[in-house]
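The values are calculated or read from the model by the stated rules, or taken from the named source; none is laboratory data. Please read these numbers as outputs of a predicted model, since none were measured by experiment. When we count neighbours, we look across all protein chains shown, and the Cβ atoms used for this are built from the backbone with ideal geometry, even at glycine. The area values use the complete protein model at the heavy-atom level, side chains included, leaving out ligands, DNA and RNA. Shrake-Rupley method; radii C 1.70, N 1.55, O 1.52, S 1.80 Å.
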Amino acid sequence: MAQQQLKDLPVLSEYDISPITGFLPVEEPLQVLPNPYFAPWEETFQKFNGLLLASRLRQYVNELPVLDAAKLETKAEQRRGYLILCMLSHAYVWGKHEQAAEVLPAALAVPWQKVADMLEIQPVLTHAAVVMWNWRLLYKDGPRDLNNLDTLGTLSGSSDESWFYLVTTAIEATGAPVLSKILNAIQHARDNTIVGLTQELEGIRGIIEDLVSVLRRMFERCDPYVFYWKVRPYLAGWENMAEAGLPDGVRYEGVDNGGYKRLAGGSAAQSSLIHALDIAFGVEHHPTGFRPNKAGASASANSSPAVPSPSPAATGAPAAVKPTNFIQKMRFYMPGPHRSFLTHLTEVSNIRQFVTEKAAGERTTEVENLITVYDECVHQIKVFRDVHIQMVTLYIVMQANRGPSISHGGFAHQPHAQAQKTEPSANGTADKSAAAANGANTSNVTGEKPSKGSSILYPQKVIFGAPYGLAKKQEAGNDVVRGTGGTDLIPFLRQSRDETNESKIVPTPSITARKHSTAA
């Protein structure tokens, strides 16, 4: 490697990144927009949980003025405006026991698109919105950890949702020092300093172990039932969401001639921190179900410096035939400076190449130590993904297969037009809903035959003839559990985990490979 041909290493501050706080902002996110011009947004944000509960949010939002997002002068103001518009828009689209709204009014759509452009991000709820820009410190001089963090807003109003976001915020804070260490490690590889590189990798290994510990804390205060049925539906975007009532996506009134957009929702795959680790250790990700043989793989799936393309439907282009690399596409949902940093990091990343070259040569004690520590780092990334799969299994797959744990899924849903038919009659006829709640008959509370696809036991499955977003019982024969980003969740996560494991210098069989070997 000729020194004069090497590109300069990225400077974190040039990409809106701090060596102390990482991808999180250095200052706390604003808790209120200072310009009174935006009072309508702030007032709606303060009461939107109540409006949603009362099924009056859409009516209220439809009366809001279209404000000019250009009046958000600072980056902090833009992030606050983006957070507000993300939450109000997703609450509007998915509602509460309402049919999904496929048209987003201009009062939300126009400024949302504008502020998203300013932040170089997409007008849809993202990891950046609910994790990176949705927190405050309980004690101003305290650390950014789970003992000192609170959220600025939630869609469900539940503490479980707050904990879900804050665990991920704490992961971002815990992982912040790894970015400087990755850059130091790259420099050591350039300088051919095996001992220095090994020391940096030891530090990185410890940080990744800490990330795993923080992730495991999700189980403490985020209830799987509450998450699946009350929180997760609002995090979904509108790509691959036909089964949730949005086959064409959402039409943004006043934006792009009012055309439909198909955009993925919030996803852990939008974390720039995890992408940086993958890049540093040469973890190659491919479209789900498409994994080239190592011998035939000529370039890393993470090696392209090009910004990932949005969904074809989001731009009005015809759908592509080739499979989508979901992890690469998720960079399209990151803030622009962070996405650019990952591109730059990809261009200078050399750690895996250096360790591989050393492993192919004389195996001195220093080289053996280097290989061991490198593989331990990769293993910890794999463990992180193992825990994530366990979490998805408990919080999503098991909940979808089980269905609501009480007869009405926690809700005794009766449209107003039908309520009169379920009250006791003058001659003392018993309320039919009581028998239905006990499973005594298969008709609905009005005595009418249930409509096709409906269920008296699982009213969340179909509300007013339309699916209630992603909160539904998994149907028999359907193995696809859709993620909020629109993926077939479990195959995607398992492949990502196995691809991580394959990046070790000394390979170890993955769980999937062992299962296949046993079956054979």
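Computed values, structure above
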{"read-out": "Where the range 240-286 is the region considered: accessible area per residue in Å², 1.4 Å probe", "value": "30"}
{"read-out": "With every protein chain in place, the range 79-168: carbon and sulfur % of accessible area (1.4 Å)", "value": "46"}
{"read-out": "Length gained when the stretch Q199-I20 is fully extended (0.36 nm per residue, less Cα-Cα span)", "value": "62.5 nm"}
{"read-out": "Accessible area of the range 1-150 divided out per residue, in Å², using a probe of 1.4 angstrom", "value": "44"}
{"read-out": "Local electrostatic count, T393, Cβ distance below 13 Å [Lys/Arg +1, Asp/Glu -1]", "value": "+3"}
{"read-out": "Solvent-accessible ranking of T21, T324, T365, T193, largest area first, probe 1.4 Å", "value": "T365, T324, T193, T21"}
{"read-out": "Fraction of the pair-distance distribution of the range 1-127 above 23 Å, Cα-Cα pairs, percent", "value": "41"}
{"read-out": "Rough spin-label spacing in nm, given labels placed 7 Å along Cα→Cβ, for Q187 and L53", "value": "5.4"}
{"read-out": "T365 paired with R402, simple spin-label distance in nm, labels 7 Å along Cα-to-beta-carbon", "value": "5.3"}
{"read-out": "Volume in Å³ per residue [convex hull over Cα atoms, computed for the range 72-222]", "value": "154"}
{"read-out": "Calculated FRET value between S213 and L394, using beta carbons and R₀ = 25 Å, to 0.05", "value": "0.90"}
{"read-out": "Cβ-derived FRET efficiency at R0 25 Å, Y225 paired with N147, nearest 0.05", "value": "0.45"}
{"read-out": "Cα-Cα over 30 Å, subset of K96/K382; K114/K329; K7/K329; K47/K230; K47/K140", "value": "K96/K382"}
{"read-out": "Highest-first arrangement of 218-225, 202-209, 279-286, where packing means the average Cβ count within 10 Å", "value": "279-286, 202-209, 218-225"}
{"read-out": "Full-extension gain in nm, L138 to T508, via 0.36 nm per residue minus C-alpha separation", "value": "128.8 nm"}
{"read-out": "Karplus-derived 3J(HN,Hα), 6.51/-1.76/1.60, for each residue of the range 44-60, Hz, glycine and proline x", "value": "5, 5, 5, 10, 5, 4, x, 5, 5, 4, 8, 6, 10, 4, 4, 4, 5"}
{"read-out": "Centre separation in Å (Cα based) which lies between the range 92-165 and the range 19-34", "value": "14"}
{"read-out": "R0 of 45 Å, Cβ-Cβ distance E376-N62: FRET efficiency to nearest 0.05", "value": "0.20"}
{"read-out": "Computed label-point distance, nm, for sites R291 and A70 using a 7 Å Cα→Cβ extension", "value": "5.1"}
{"read-out": "Tail fraction, Cα-Cα pairs, the range 61-149, threshold 22 Å, whole percent", "value": "35"}
